[in-house]
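Report on one structure; see the data block that follows.
The values are calculated or read from the model by the stated rules, or taken from the named source; none is laboratory data. All values derive from a computational prediction rather than experimental measurement. Neighbour counts run over all protein chains shown; Cβ positions are idealised from the backbone, glycine included. Areas reflect the complete protein model, heavy atoms only, side chains present, ligands, DNA and RNA absent. Shrake-Rupley method; radii C 1.70, N 1.55, O 1.52, S 1.80 Å.
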Amino acid sequence: MNVNFYVTCIGDALKANVAKQSVLLLEQLGCKITFLEQQGCCGQPALNSGYVLQAIPAMKKLIETFEVNDYPIVAPAGSCVYAIKTYADYLKDEPEWAKRAKKVADRFYDLTDFIVNKLNIVNVGAKLPGNAVYHPSCSLFRKLGVKEEPITLLQNVEGLHLLPIHNQETCCGFGGTFSVKMAEISGEMVKEKVQHIMAVKPLYLIGADVSCLLNIGGRLKREGHHVKVMHIAEVLMSR
């Protein structure tokens, strides 16, 4: 299957290995990857902050970029995928652009959603021994409804044992610009999240959104906890 890969800003600037492992995983599963170099930010930070007019040029640029083919588009971040799926609402005063936005948005998939529901694969042959906690990001499971797919993939990783924690589905407090604008509240939320994680003492913390992992991982590090933080793509490429 031909697939476009959308790297995301964080994947490009901060977590290149997540992008790399995502591409390698898709290739291992039989996909031929196309990387459109004109791709840029989806505009999510501006949209989350209420700067809709300022985000529109980035939104239109992304639409134009992915209109060059009709391949499915896969990204390793539910937050970006969800932002793109809201484009048509923001562009409703420009009906033609809204129509184009919807066509592109309908081709966007979170990595785990694509593997399970489009490739129909639940076991990628990964091996990673040890106990782990999975953090479901709000964008992925609340907004996109992708809840069981990452868990199913992780349950099929040989040697990996997922541990439940108290209030597992509670937000970690990142929320994009929320963590900056409401830093004290955000700090207390991630502090509570780390308390629940460390109550079960896992070897790994796993998630499907890098932004959440950066937030929780930063708190774990500041408290001196030796928990390896991994994006699900890195886990699924473990052998």
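Overview of values
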item	result
Matching residues, segment 172-187, being part of a helix (DSSP H, G or I) and surrounded by fewer than 19 Cβ atoms within 10 Å (Cβ to Cβ)	178, 180, 181, 183, 184, 185, 187
Close pairs (6 angstrom Cβ cut-off, 6 or more residues apart or separate chains): free of Cβ contacts under 8 Å to residues at least 60 places away in the same chain and assigned to a helix (DSSP H, G or I) in segment 146-159, open to solvent by 40 Å² or more (accessible area, probe 1.4 Å) and aliphatic (A, V, I, L, M) anywhere	152/122
Residues of segment 216-239 satisfying the condition of being among the basic types (Lys, Arg) and either touching a residue at least 40 places away in the same chain (Cβ under 8 Å) or farther than 18 Å from residue 17 by Cα (or both)	219, 221, 222, 239
Close pairs from segment 85-96: first free of Cβ contacts under 8 Å to residues at least 60 places away in the same chain and under 15 Å from residue 66 (Cβ atoms), partner part of a helix (DSSP H, G or I) and open to solvent by 90 Å² or more (accessible area, probe 1.4 Å), Cβ under 7 Å, at least 6 apart	88/102
Segment 188-228: number of residues that are open to solvent by 10 Å² or more (accessible area, probe 1.4 Å), hydrophobic (A, V, I, L, M, F, W, C) and under 14 Å from the mean Cα position of the chain (by Cα)	4
Extreme residue, farthest from residue 9 (Cα to Cα), among residues of segment 32-47 that are open to solvent by less than 30 Å² (accessible area, probe 1.4 Å) and in contact (Cβ under 8 Å) with a residue 40 or more places away in the chain	47
Residues that are free of Cβ contacts under 8 Å to residues at least 60 places away in the same chain and under 15 Å from residue 140 (Cβ atoms), drawn from segment 188-215	215
